[in-house]
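The values are calculated or read from the model by the stated rules, or taken from the named source; none is laboratory data. As the structure is a prediction and not an experimental result, all values here were calculated from the model. As a convention, Cβ positions derive from the backbone with ideal geometry for all residues, glycine included, and neighbour counts pool all protein chains shown. Protein only, heavy atoms only, side chains kept; ligands, DNA and RNA dropped before computing areas. Shrake-Rupley method; radii C 1.70, N 1.55, O 1.52, S 1.80 Å.
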Amino acid sequence: MEPSAREPLVRKTSSSYRTFPRSAGKRLDKEYLRSLHNERLYLAAFAAVLGNFSFGFALVYPSPVIPALEAQPSPALRLDQHTASWFGSVFTLGAAAGGLSAMLLNDRLGRKLSIMFSALPSVAGYALMAGAQGIGMLLLGRVLTGYAGGVTSASIPVYISEISHPGVRGMLGACPQLMAVLGSLILYALGKQGQDPPPYHAALAGLVLDWRWLAVAGEVPVLAMIVLLCFMPNSPRFLLSQGKEDEALRSLCWLRGKDTDYAREYEQIKDSVRKQNRQVSCAEIKDPFIYKPILIAVGMRFLQQLSGVTCILVYLQSIFKKTSVILKPEYDAALVGLVRLFSVAIAAVSMDKAGRKILLFVSAGVMLVSNLTMGLYVHFVPASQNGTIANKTLVSAANLPAEPTNYITLIPLLATMFFIMGYAMGWGPITWLLMSEILPLKARGVASGLCVVVSWLTAFTLTQFFLRVVEAFGLEVPFLFFAIISAGNILFTGCCVPETKGRSLEQIEAFFRTGRRSFMR
């Protein structure tokens with residue numbers, strides 16, 4: 001499994017393995033594709049992205065739980081509008097704190113150990129929510145699971161990017177988002193809204209869980225992640241940055257396979273690390289090689305959250321209850337989850353073929369049309385047809401009748417489905433992938449943490465004020481705002497985002513270092 005001596009390995013070469021394609025436009029030949037079929041690489045990626053599964057599960061936990069806790073007979077656990085707003089938003093505040101700590105953890109512990117560390121607050125948070133006797137325990141549990149999500153948000157994309165082969169980095173880079181979507185979908189499928197399942201749902205009563213058992217179920221992927229990561233290697237780039245050359249060579253051999261020319265890739269990574277094997281200094285931040293990719297990554301994460309995706313996912317069932325679509329809110333949420341999963345899978349398959357930028361353009365365009373449609377529908381369709389009460393009181397919608405009076409109420413469901421589809425095909429997975437691709441190695445740990453902090457502070461602000469804006473101005477106002485942001489996403493993509501399809505991390509760094517677009521051709 002591991003090389004016994006370094007020198008023979010360095011001499012080993014194979015014409016069947018080309019780490020860096022000679023031309024971005026040249027189709028990978030069969031031998032090159034065979035070199036990507038080392039199952040260990042995909043096992044390492046799977047072990048890491050279980051953390052994203054837990055993150056997606058925890059993020060949308062309030063969607064079925066808020067309506068259930070609003071109807072709680074116990075006053076100590078019953079949510080009102082104010083506490084429901086905090087229950088939905090405080091997760092993102094914990095995620096921002098996790099991203100802040102990841103600035104230190106990524107460079108001190110390494111990517112793999114940072115991911116494993118996130119299991120501690122995650123397990124504690126789920127345990128607090130499962131055994132909650134009051135709202136304080138629920139909020140603390142949300143903060144801890146959010147903190148764990150912030151650490152994994154900064155660590156997992158970097159780990160995946162650094163262990164991936166350039167030929168499949170786009171596909172593997174979409175896996176964190178894919179697993180987060182799958183975690184959300186499982187939560188929607190398992191979540192039981194209210195106290196008892198309806199009579200016609202009795203046959204499935206054993207398949208749904210109340211809010212306490214949902215928290216217990218959240219522990220399972222975290223524990224599986226810890227066990228699997230114990231057997232996975234650390235990132236070769238991180239090991240080289242720590243001066244552990246032999247261990248880095250063994251790690252790359254494990255990830256690529258003994259019968260490939262991994263030694264040449266090792267030398268290229270080593271050369272890149274040698275050029276920037278120091279922590280970034282304040283003076284170096286003025287260097288375009290450092291600040292340009294950081295500004296692009298931070299800007300993308302900021303715009304990603306401003307598009308409203310976290311608000312929509314957290315309050316999804318309440319929004320559907322309010323607009324009284326033709327299906328029950330919990331079924332609508334599960335249907336949207338399926339659409340999201342399907343869309344991320346499409347992005348994962350097409351990212352290394354179509355390219356990042358074209359998917360970002362399509363994604364932002366679909367989000368723009370969807371948000372605009374939703375905002376105009378809520379504004380112009382009379383309350384008697386869309387089933388709302390003066391288009392306000394989103395939280396108390398848990399107690400409103402859910403029977404639609406007109407098939408026009410399919411519009412908000414379809415608009416939300418297309419919004420999630422657009423987001424999941426581009427601005428969801430690609431934002432995470434580009435963050436890990438374009439950030440320079442010497443600043444990757446700190447800058448990825450900064451991106452997560454900006455992202456989740458933005459998400460906290462939006463989720464905290466979303467209900468208040470709806471209460472004061474109506475549901476159409478935030479959706480029209482999200483439409484304007486989506487238009488800004490199109491402009492940002494065209495002006496600022498580089499195409500990284502088929503490029504090695506070293507080629508991308510050379511592009512920002514020199515400004516020569518020949519490195520990106």
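Structure summary
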| quantity | calculated |
| --- | --- |
| Given (1) assigned to a helix (DSSP H, G or I); (2) touching a residue at least 60 places away in the same chain (Cβ under 8 Å); (3) surrounded by fewer than 20 Cβ atoms within 10 Å (Cβ to Cβ), index of the condition Leu77 fails | (1) |
| Within the stretch 102-138, considering residues that are more than 22 Å from Trp456 (Cβ to Cβ) and part of a loop (DSSP other than H, G, I, E, B), the one most open to solvent (accessible area, probe 1.4 Å) | Gln133 |
| Some residue of the stretch 449-462 being within 16 Å of Met367 (Cβ to Cβ), among the hydrophobic types (A, V, I, L, M, F, W, C) and not in a helix (DSSP H, G or I) | no |
| Cross-chain or 6+ apart pairs with Cβ under 7 Å, the stretch 142-154 first and closer than 23 Å to Leu434 by Cα, then surrounded by fewer than 24 Cβ atoms within 10 Å (Cβ to Cβ) and aromatic (Phe, Trp, Tyr) | Val151/Phe117 |
| Residues of the stretch 108-132 satisfying the condition of being at pLDDT below 90 and not hydrophobic (A, V, I, L, M, F, W, C) | Arg108, Gly110, Arg111 |
| Looking only at the stretch 160-179, and only at residues there that are farther than 18 Å from Gly355 by Cα and over 14 Å from the mean Cα position of the chain (by Cα), the one that is surrounded by the most Cβ atoms within 10 Å (Cβ to Cβ) | Ile163 |
| The stretch 487-512 residues that are over 27 Å from Ser164 (Cα atoms), paired with ones that are open to solvent by 40 Å² or more (accessible area, probe 1.4 Å) (beta carbon under 6 Å, 6 or more apart) | Ala487/Leu368 |
| Of all residues making up the stretch 290-305, the number that are open to solvent by 10 Å² or more (accessible area, probe 1.4 Å) and farther than 15 Å from Gly422 by Cα | 8 |
